[in-house]
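Just so it is clear, none of the values below were taken in a lab; they were calculated from the coordinates. The model shown is predicted, which means the values in this text are computed figures rather than measured ones. Cβ sites come from the backbone with ideal geometry, for glycine too, and all protein chains shown count toward neighbours.
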Amino acid sequence: MVVTLLLANAGVPPEHVAADWAQSVREVAGRGEHADDRQSTWDEAPVEAFRAEAVPVAQEAAADVDRLLDVIALDEDTRRRLRDLLVT
């Protein structure tokens with residue numbers, strides 16, 4: 001979720017943030033070298049079930065990034081610095 005907030009804070013549209021997140025889930029699924037990650041053992045069915053539930057949450061979080069950053073009390077200066085690191 002941290003990456004979701006960083007990308008959204010940098011101005012990436014919520015649908016793109018969610019798509020990136022969904023692709024990450026798909027990339028990890030079935031990869032033995034990530035044995036400590038539960039998704040590494042998944043085949044197509046669990047991946048799609050998880051994505052169906054979680055992708056909308058990631059998109060909603062990205063769309064509401066300012067409120068979520070307020071909740072964690074991330075000040076505007078820090079938000080701007082993080083944004084600048086990703087955009088420049």
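For a protection proxy built on the mean count of beta-carbon atoms within 10 angstrom, sort 43-49, 65-71 highest first, please.
Working: 43-49: 12.0, 65-71: 14.4.
The packing order, highest mean first, is 65-71, 43-49.
Dimensions of the stretch 1-47 from C-alpha coordinates, computed as largest minus smallest value along each principal axis and given longest first, are 34, 20, 11 Å.
The HN-Hα couplings worked out from phi for the stretch 74-88 by the Karplus form 6.51 cos²θ - 1.76 cosθ + 1.60 (θ = phi - 60°) are 7, 5, 4, 4, 5, 4, 5, 5, 4, 4, 4, 5, 8, 8, 8 Hz, whole numbers, x standing for Gly and Pro.
Any idea what the alpha-carbon Rg over 2.2 N^0.38 Å comes to for the chain? Walk me through the numbers on the way to the answer.
Numbers: Rg = 14.7 Å, N = 88, 2.2 N^0.38 = 12.1 Å.
Computed over Cα atoms of the chain, the ratio equals 1.22.
Only one residue of V47, I72, A19 has its Cα farthest out toward the positive end of the dipole of the chain, where Lys and Arg carry +1 and Asp and Glu -1 on Cβ, and that residue is I72.
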